[in-house]
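I have placed the structure first, in the form of structure tokens, so that the comments after it can refer back to it.
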Amino acid sequence: MMKTINNLIAPIRRVITANDASGKSYFLEDGPSPAVKEVPERPGYRVTNLWRTIQSPASIEALDSIRDHIGVLPPPHGNVIRIIDYPPEPKDPAEVKRIQDATFAKLYPDAGHDLKTGDHPGMHITQTVDYALVLAGEITAIMETGETVLQAGDVLIQRGTNHAWANRSNYPARIAFILIDGANNS
């Protein structure tokens with residue numbers, strides 16, 4: 001069951017480790033992420049950016065740069081981890097389009113958000129390999145030629161495909177996403 005506060009999904013706790021000058025491990029930080037984003041037009045939709053790397057292989061001593069992160073894509077040669085809380089999707093298709101347009105305009109201008117006739121208005125594409133881990137609730141993953149419902153414990157590996165997400169349940173869903181910068185080698 002998902003933790004809630006006053007019927008809202010509880011904030012994400014971010015715990016970061018480090019090594020001190022003598023090489024002993026310790027907890028560097030324990031608390032909320034400094035990079036939480038919301039869209040007023042989409043109440044209940046919350047993006048918690050947690051960490052990113054800016055190179056591969058990643059430096060284990062890199063400073064926290066998540067406050068600098070803008071958009072959906074990870075930095076070139078890097079990755080980003082985020083958790084998104086999805087409220088139930090409205091039933092009215094015009095309202096779905098309105099909130100999706102606002103979300104992409106305000107949070108993800110770098111996503112390939114190019115709606116084709118008949119597609120879900122949240123369709124987008126990125127040159128990334130994404131691991132989507134359903135932490136709570138259920139979410140519908142939508143492709144151009146099909147869709148599937150994912151439930152808590154399911155994992156989707158998205159490999160540079162045009163896709164969208166829809167919460168068609170009556171309850172919030174929480175999904176963790178790890179996006180890794182990718183290339184199309186074909």
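Return one number: the angle in degrees, 0 to 90 and rounded to the nearest 10, between the long axis of the Cα atoms of helix 93-106 and the longest principal axis of the Cα atoms of the chain. Computed tilt is about 30 degrees. Can you tell me, using C-alpha contacts under 8 Å and at least 6 residues apart, the relative contact order of segment 68-177 as a whole percent? The normalised contact order for segment 68-177 reaches 33 percent. Packing around the peptides 120-132, 97-109, 138-150, taken as the average count of other Cβ atoms within 10 Å per residue, puts them in this order, highest first: 120-132, 97-109, 138-150.
Computed over protein heavy atoms with a 1.4 Å probe, the carbon and sulfur contribution to the accessible area of the chain reaches 55%. Sequentially through segment 69-81, phi angles give Karplus couplings (6.51, -1.76, 1.60; θ = phi - 60°) of 6, 10, x, 8, 6, x, x, x, 6, x, 8, 9, 10 Hz, Gly and Pro residues having no value and appearing as x.
In deg cm²/dmol and to the nearest 500, what is the mean residue ellipticity at 222 nm of the chain if only DSSP H runs of at least 4 residues count, each as -39500 (n - 2.57), divided by the residue total?
Working: 1 runs with 14 residues, N = 186.
Roughly -2500 deg cm²/dmol at 222 nm, from the helical runs in the chain.
Of the two radii for segment 1-149, the radius of gyration is 1.00 times the Kirkwood radius, both from the alpha carbons; that is the Rg over Rh value.
Just want to confirm a number: the relative contact order over the chain, from Cα pairs under 8 angstrom separated by 6+ residues, in percent. It would help to have the intermediate numbers written out before the result.
Details: 397 pairs, mean separation 38.1, N = 186.
It comes to 20 percent, rounded to a whole number.
The values are calculated or read from the model by the stated rules, or taken from the named source; none is laboratory data. Please read these numbers as outputs of a predicted model, since none were measured by experiment. Neighbour counts are summed over all protein chains in view; Cβ atoms, including those assigned to glycine, are modelled from backbone coordinates with ideal geometry. Side chains are part of the model used for accessible areas, which takes the heavy atoms of the whole protein and leaves out ligands, DNA and RNA. Shrake-Rupley method; radii C 1.70, N 1.55, O 1.52, S 1.80 Å.
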